[in-house]
Amino acid sequence: MKNAEEIFNILKDNFGDAVIALDKDTPTEAVITVDPLKIHLVGEFLRTNEDMMFDSLMCLSGVDDANGKKVKDADGTDIIEGGTLSVYYHLHSVSLKHKITLKVSAPREDAKVESVENVWKCADWHEREAFDLVGIKFLNHPDLRRIMMPYDWEEGSHPLRKDYKNPEFYQGMKVPY
Amino acid sequence: MSLKTETMVLNMGPQHPSTHGVLRLELKIDGELVLDVKPHLGYLHRCFEKHAEAMQYNQVVPYTDRLDYLAAMGNNWGYALAVEKLMGIQVPERVEYIRVIVAELQRIASHQVALGSNAADIGAFTPFLYLFRDREHILSIFEDTCGARMLYNYIWVGGLSHDIHPDFVKKVKEFVSYYKATIIELDNLLSYNKIFIERTANIGVLPLDTAINFGASGPALRGSGIPFDLRRDDPYSIYDRFDFEIPVGKGLQGQVGDCWDRYYVRVREMEQSLRIIEQAIDHIPEGDVQSAIPKRIKPPKGTVYTRIENPRGELGYFIISDGNTNPFRVKVRAPSFVNLEVLGELCKGHLVADVIAILGSIDIVLGEVDR
Amino acid sequence: MYQFIYDLTGNVIISTLVTAVFPLVNVLIVALIGVYLERKISAWIQDRVGPNRVGPFGLFQTVADFIKMMQKEDATPTDIDGKLYNLAPVLVFTGCFAAYAAIPFSSQLIGSEVEVGIFFILAVSSFTVAGILMAGWSSNNKYALLGAMRSAAQIVSYEIPTALVVLSMVMLMGTLSLTKISEMQTAYFWNWNILGGATLGLSKFLLIPFMIVGFIIIFISTLAEVNRTPFDIPEAESELVAGYFTEYCGMKWAMFMLAEYGNMFAVSAIVSILFFGGYHSPFGYLGNSLGINWLIPYEQAFWFVAKGWFFILVQMWLRWTLPRLRVDQLMSLCWKYLIPYAVVNLVVIGIISLL
């Protein structure tokens, strides 16, 4: 069993700048922020290291932080420019029974995060979901397609973004009914 | 002379008798041999998570019913637990006890459907109806309790929507003693049936390391032989007060982690749930079930991830609060969604008929796979 | 029966038609009652009520279903092989229907008293395979194709143990005629083949265990031939939707259904003729003791139908109790167990009959 601070320190020792911050202020759980392009290395380390043994990825969630600038679109609706999209990784060790939350943030306009699919297999569909609904691109993911929405849903349209607008038509069918 | 052979793509679903809803499986088959399975999801997608962002915290509860509609109590509870943790609410004892009892009843009801549909997929239709007959008792208890048979909206943030019915304790006790005797019927009729064993033993073997790496949980994980149960390993509510065992797959009829093990774990889990109910039912304290329900739910800024042991596995709610009355983000870690991912791995090299048996033994509910 | 009507009318065509109508009516009645019983019995087994709306105890449910079926639009999928598609249900039904020609319902009531009755039945019931393959191929549906392939493999394989058991019985009885086989088991139930046949002696008692084995083998394999659970894998609802008749609807589908229930009765009849005295009463005849000779054929018909229905009930009981085998297990059951046992049984019965 290790608490978040110990884990943070070990990660900091091993990865230096790739591990950005430890956020302990949230009332319920501590979050370690990691570089989005190094997350697969951190993940691999956490899974294989003897003191860590995070063999199970409980949950992977894509989040639109909506921390950018709100601007008016051409047709008067709000859209968000700038800011970040984040991915939360909730890890758990079946053998050591400790938990940790990782977070990576990538710029909203071109959100690229390394895939952890080959670290934890179950990340496959979770990442597809995050790509589908939030629009985060996972690098080196073997099969990054939409999963919930139809495969031919409008390119670049991701429903869980805070400034998502319903398209008028899908395949010639009227969407808002 | 050599004959030219081709592999065939068989599209199973979205409308198919045994895909348990609207799942589409793209099978690549060579004769009857399955070479590859590709699930296609999303036919039941209704963007629960987007809905949740537009609702106030307490208004989300009825939506959670629709996730795993065979285990709606668990869904309510998981969500309530997450928000309670975020706000630091301590719920009264009475509420805790009632929650445990209804959740365990729900587990039995859900397993009954799971076992029944698994049996029906394999061609044994009679056990299916026997199980549904017994499930009816639980549903009528729930109907007395909260007025609904399937989508309860019963467990609210901080409390319950209604107090229990005056007959609740009596009826639950009746059910427990009835079902303890009846569960043997299932064993005799199905569990040790030679044909059933032939169809499920050594089929779809899920090794433990694969199961963990794929994030499998619930009976699918325990069938592979590890006693990992969140009620014991990450205790929530008052589960640490009860004495119960965690059934695991032992490979009694074949290899550890085959379909029969997953099936059998569910049967034995129903017995353990009965045990928990027996221990809890006599100790429900008096009190008000709504005293802890906050007038206005406005949690502080922060994130929370809670998980509970739903009948199908680890149901997690990840909630981000930005300090408003609406959740900023709700992500559901649905057990069926994660468990289904392993299907492709399990089906390779089996026959078409086995795909059905394996899918039945994983036990998915499309309501929470697609959300 | 043909002879009787021919004597009555003196016209070949009329007597042929009348004789042919009889099995048709019989198949219809079997299907009508069979479907109703299937539902009612499954309901009793499964702790349900079953059909109870149409008529008293839901007795007219199947009639209502039949009327519904007749009214249905004959929807055909596109890109089918039309000729084969339309021919298939007819062929399947013919295979079942033709078998009735040689089944002796009583000593009088038999469509055609062919000397090679059992051989004829085995031959024409193989017709069904062709129909099933046609249905599966012409439907242009992968499920139907898979179902048809399974079904053909299954029926062809299971004909072997059936034929082997039939062969051993023929060897023992020395005749292929079903009437003669029945007549040899006359009088009381201890003369039935399952209890060693009519000739008293050492061989009778030696035969009993092998007769029981033979009966079990032929019962299992006929069960498989008519595609009933646990051998219903060609239709395997949960895997292949409906197997080879996935794409059929309305009356064409009903033809498959009729054939299934007709076949159920036909195989039950064969089993009861070979092992259970055919149309003979187990306890002697009321007509004999009362001295009313014309009553005997009716009694015989009653006993024959009763025996047939008894085996149908057993089939239904099995169907609602057991899960379904997988296709490879089904095949290995046939080739690895039934056929070797049937061969051994054949040899042993041959030796015993020499004694």
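Things worth noting here:
- Unique residue being touching a strand residue (DSSP E or B) at 6+ places or on another chain (Cβ under 8 Å), under 25 Å from residue B:294 (Cβ atoms) and touching a residue at least 40 places away in the same chain (Cβ under 8 Å) when the list is B:98, B:155, B:164, B:89: B:98
- One residue from C:150, C:228 being in contact with a Lys or Arg (Cβ under 6 Å, 6 or more places away or on another chain), buried (at least 20 other Cβ atoms within 10 Å of the Cβ) and among the charged types (D, E, K, R): C:228
- Being among the hydrophobic types (A, V, I, L, M, F, W, C) and in contact with a Phe, Trp or Tyr (Cβ under 9 Å, 6 or more places away or on another chain) is a condition met by at least one residue of the range B:18-30.
- Residues that are more than 23 Å from the chain's Cα centre (by Cα) and either more than 14 Å from chain B (Cβ to nearest Cβ) or surrounded by 14 or more Cβ atoms within 10 Å (Cβ to Cβ) (or both) within the range C:49-62 comprise C:50, C:51, C:52, C:53, C:54, C:55, C:56, C:57, C:58, C:59, C:60, C:61, listed in sequence order.
- Subset of the range A:48-76 (residues that are within 14 Å of another protein chain (Cβ to nearest Cβ), among the acidic types (Asp, Glu) and outside any strand (DSSP E or B)): A:55, A:65
- A single member of B:183, B:197, B:276 is under 30 Å from residue C:330 (Cβ atoms), among the β-branched types (Val, Ile, Thr), more than 14 Å from chain A (Cβ to nearest Cβ) and assigned to a helix (DSSP H, G or I), and it is B:197.
- Pairs with Cβ under 6 Å, 6+ apart, first in the range A:6-21 and under 12 Å from residue A:33 (Cβ atoms), second in a strand (DSSP E or B) and hydroxyl-bearing (Ser, Thr, Tyr): A:20/A:33; A:21/A:33
- The range B:224-235, residues that are under 21 Å from residue B:78 (Cα atoms) and either surrounded by 20 or more Cβ atoms within 10 Å (Cβ to Cβ) or of a type in the set (A, V, I, L, M, F, W, C) (or both): B:228, B:229, B:230, B:231
- Per the listing A:94, A:116, the residue uniquely in contact with a Leu (Cβ under 8 Å, 6 or more places away or on another chain), of a type outside the set (S, T, N, Q) and in a loop (DSSP other than H, G, I, E, B) is A:116.
- Sole residue being modelled with pLDDT under 85 and within 12 Å of chain A (Cβ to nearest Cβ), chosen from B:335, B:327, B:300: B:300
- Top-ranked residue in the range B:200-238 [being in contact with a Cys (Cβ under 6 Å, 6 or more places away or on another chain) and not small (Gly, Ala, Ser); ranked as nearest to the other protein chains (Cβ to nearest Cβ)]: B:214
- Of the residues making up the range C:207-253, those that are hydrophobic (A, V, I, L, M, F, W, C) and within 14 Å of chain B (Cβ to nearest Cβ) number 9.
- Of all residues in the range C:302-342, those being charged (D, E, K, R) and within 12 Å of chain B (Cβ to nearest Cβ) number 4.
- Of the set (1) at pLDDT below 85; (2) in a helix (DSSP H, G or I); (3) of a type in the set (D, E, K, R), all apply to residue C:79 but (2).
- Taking the range B:291-371 as the region of interest, the strands (runs of 3 or more DSSP E) fully inside it that hold 2 or more residues being among the polar types (S, T, N, Q) and touching a strand residue (DSSP E or B) at 6+ places or on another chain (Cβ under 9 Å) are B:302-310.
The values are calculated or read from the model by the stated rules, or taken from the named source; none is laboratory data. If you're wondering where the values come from, they're calculated on a predicted model, not measured in any experiment. Backbone-built Cβ (ideal geometry, glycine too); neighbour counts: all protein chains shown.
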